[in-house]
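Data block below; observations after.
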Amino acid sequence: IDVIGRLVDRSLVTTLPTDPPRHRLLETARIYALDRLEAQGELEQARGRMAATLLQLLDSAYDEYWSDDEAVWLNQYASDLDNVRAALAWAMQHDRALGVALFGSAWPLFVETDLHAEGRAQYDQAVALLADSMPRARIGRFWAAIAAYDSTRQCDRARFAAELAAAMHATTGDERSRYHALMQLAQNCGDDAAQAGATFDAARQLEDPSWPARLLAHGALTEALLLMAGGRFAEARAAYRRALGIALTTSERQALA
């Protein structure tokens, strides 16, 4: 902190008027530093460390996403979008496992900043990174990201991705993540009402009332959608009211939905 303070005093680093405060290296200093790193053969190593650090940040953001107030969460993490993009671009070229992990943990940030199309655009490059040797939890989160970007837009791909995510999380014992994937699958079953209902019932058996509000609201919204599709309007209205009550505690976006 003292070193950064001295750099600010010497006008090499600027302090941005944000809360919490963020710091930015001046562009001329940044270009010089990149040139020096490249000359010393350390540029790719530095970019790799940055990408690994961004994964730690995104993993924390992912965990907090389900229970933190939406506005507070966005205020903390949206400023790192350009850093996340840079980390993803580097990892997809140089570190397949890191690229898969970053893609999987980044989806809440892209969804909450309305960048679904940007997430979908990376599908072909990202899916080519997958390997069976990667951790099941990371692969499951990767497919959950695909389902999140495609849900109700490209239902066939979202359905396929959600099925894979649920299967991966079933092997790891992560019931919360499996529940989320099953709800995504139920939402994207199209005209197959029987499968949608069976999938929803399987998810509901996993549900724990102590889980974070955003996750429980997602389940209630899914139930309401299925009830509406089945013409059970009074029950759907009750499910929407329950979803609204849960969502109001954390997410204006979910409440509006």
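Quick rundown of the values:
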quantity: Counted residues, the stretch 9-37 - those being part of a loop (DSSP other than H, G, I, E, B) and open to solvent by less than 90 Å² (accessible area, probe 1.4 Å); calculated: 6
quantity: Identity of the residue in the stretch 114-137, within 12 Å of the chain's Cα centre (by Cα) and under 18 Å from MET92 (Cβ atoms), that ends up modelled with the lowest pLDDT; calculated: GLY119
quantity: Checking THR152 against (1) assigned to a loop (DSSP other than H, G, I, E, B); (2) modelled with pLDDT of 95 or more; (3) β-branched (Val, Ile, Thr), the condition it does not meet; calculated: (2)
quantity: Any hit, the stretch 220-238, residues being of a type outside the set (Val, Ile, Thr) and on the phi > 0 side of the Ramachandran plot; calculated: yes
quantity: Residues (among the small types (Gly, Ala, Ser) and either within 18 Å of ALA52 (Cα to Cα) or part of a loop (DSSP other than H, G, I, E, B) (or both)) located in the stretch 121-133; calculated: ALA126, ALA128, ALA131, SER133
quantity: Candidates ALA106, ALA86, ALA71, filtered to the one that is more than 21 Å from ARG153 (Cβ to Cβ), among the hydrophobic types (A, V, I, L, M, F, W, C) and modelled with pLDDT of 95 or more; calculated: ALA86
quantity: Number of positions in the stretch 50-86 that are in contact with a strand residue (DSSP E or B) (Cβ under 8 Å, 6 or more places away or on another chain) and under 15 Å from LEU102 (Cβ atoms); calculated: 0
quantity: Residue list for the stretch 38-70, filter: open to solvent by less than 70 Å² (accessible area, probe 1.4 Å), assigned to a helix (DSSP H, G or I) and farther than 18 Å from ALA91 by Cα; calculated: SER60, ALA61, TYR62, GLU64, TYR65, GLU70
quantity: Counted residues, the stretch 23-71 - those being without any contact (Cβ under 8 Å) to a residue 40 or more places away in the chain and not charged (D, E, K, R); calculated: 20
quantity: Test: residue in the stretch 105-120 that is open to solvent by 50 Å² or more (accessible area, probe 1.4 Å), assigned to a helix (DSSP H, G or I) and not aliphatic (A, V, I, L, M); calculated: yes
quantity: Conditions (1) under 30 Å from LEU248 (Cβ atoms); (2) free of Cβ contacts under 8 Å to residues at least 40 places away in the same chain; (3) not aliphatic (A, V, I, L, M); number of the one not met by ASP82; calculated: (1)
quantity: Residue count, the stretch 77-96 (criterion: surrounded by fewer than 17 Cβ atoms within 10 Å (Cβ to Cβ) and of a type outside the set (D, E, K, R)); calculated: 8
quantity: Residues that are assigned to a helix (DSSP H, G or I) and in contact with a helix residue (DSSP H, G or I) (Cβ under 7 Å, 6 or more places away or on another chain), drawn from the stretch 230-239; calculated: GLU235, ALA236, ALA239
quantity: Selection within the stretch 166-223 - outside any helix (DSSP H, G or I), open to solvent by 10 Å² or more (accessible area, probe 1.4 Å) and farther than 17 Å from ALA247 by Cα; calculated: GLY173, ASP174, GLY190, ASP191, ASP192
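The values are calculated or read from the model by the stated rules, or taken from the named source; none is laboratory data. Just so it is clear, the model here is predicted, and its values are computed rather than measured. Note that each Cβ is placed from the backbone with ideal geometry, even for glycine, and that neighbours are counted across all protein chains shown. Heads up: the accessible areas ignore ligands, DNA and RNA and are worked out on the full protein's heavy atoms, side chains in. Shrake-Rupley method; radii C 1.70, N 1.55, O 1.52, S 1.80 Å.
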